[in-house]
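What follows is a single structure, written as structure tokens, with notes after it.
The values are calculated or read from the model by the stated rules, or taken from the named source; none is laboratory data. Everything quoted here is computed from the prediction, not taken from an experiment. With ideal geometry, Cβ positions are generated from the backbone for all residues, glycine too; neighbour counts draw on all protein chains shown. The area values use the complete protein model at the heavy-atom level, side chains included, leaving out ligands, DNA and RNA. Shrake-Rupley method; radii C 1.70, N 1.55, O 1.52, S 1.80 Å.
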Amino acid sequence: MKGKRITTGSPFEAMAGYSRAVVDEDIIYISGTTGYDARNKCYPASVKDQAVMAFSIIEAALIKAGSSLENMLRIRVYVASRSEFEEIKPIIKANCEAAMPANTTIICELAEEEMRVEFEVTAKI
């Protein structure tokens, strides 16, 4: 197995057999990350709260890998509707502005009905 694996203890990681992040040399690949609130075992009701929670999970994984949000190279945004994308644009900007990563945004149906947004990140150490 190549690369260091980083887990967060998320029930989804265990259920589906994946890592929150994989570090390969100086590149960090962050799995699709939703705003699941592990403490309360639920998704926050609002897309904004889910986006904030997701970025906090991503940031923690990046720190654990020896990096930060400022070192993002790419972000993929999967959001359930155009109107919800409008709501989270300022949150995305606040978390991405320092790095100015390449960005792809997709309006789509997500794996769980309660999920409103999911982010996938690639960063450098």
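With the helix formula -39500 (n - 2.57) applied to DSSP H stretches of n ≥ 4, the chain reaches a computed 222 nm mean residue ellipticity of -10000 deg cm²/dmol.
Protein heavy-atom accessible surface, 1.4 Å probe, per residue over the range 1-109: 56 Å².
Order 18-27, 37-46, 69-78 from most to least packed using the mean count of other Cβ atoms within 10 Å. Can you show the working numbers first?
Working: 18-27: 16.8, 37-46: 12.0, 69-78: 18.9.
Ranking, from highest mean packing down: 69-78, 18-27, 37-46.
Taking a label point 7 Å from the Cα of Thr105 along the Cα→Cβ vector, which residues of the range 69-88 have an amide N closer than 19 Å to it? The answer is 72-88.
Length available on full extension from Ile27 to Glu70: 0.36 nm per residue minus the Cα-Cα distance, which gives 14.1 nm.
Across all Cα atoms of the chain, the radius of gyration (one decimal) and Dmax (whole number) stand at 13.7, 41 Å.
Applying 0.36 nm per residue to the separation of Thr8 and Ala98 and subtracting their alpha-carbon distance, the gain on full extension is 29.9 nm.
Quote to one decimal, in nm, the extra length available between Asp49 and Glu87 on full extension: 0.36 nm per residue of separation minus the C-alpha distance between them.
Details: separation 38, 0.36 × 38 = 13.68 nm, distance 1.04 nm.
The span from Asp49 to Glu87 would gain 12.6 nm if fully extended.
How much of the accessible area of the chain, probe 1.4 Å, is carbon plus sulfur, in whole percent? C and S atoms contribute 51 percent here.
Check the range 2-125 and count each lysine pair with an alpha-carbon distance under 13 angstrom, considering only pairs eight or more places apart or from different chains. Lysine pairs satisfying the spacing and distance rule in the range 2-125 number 4.
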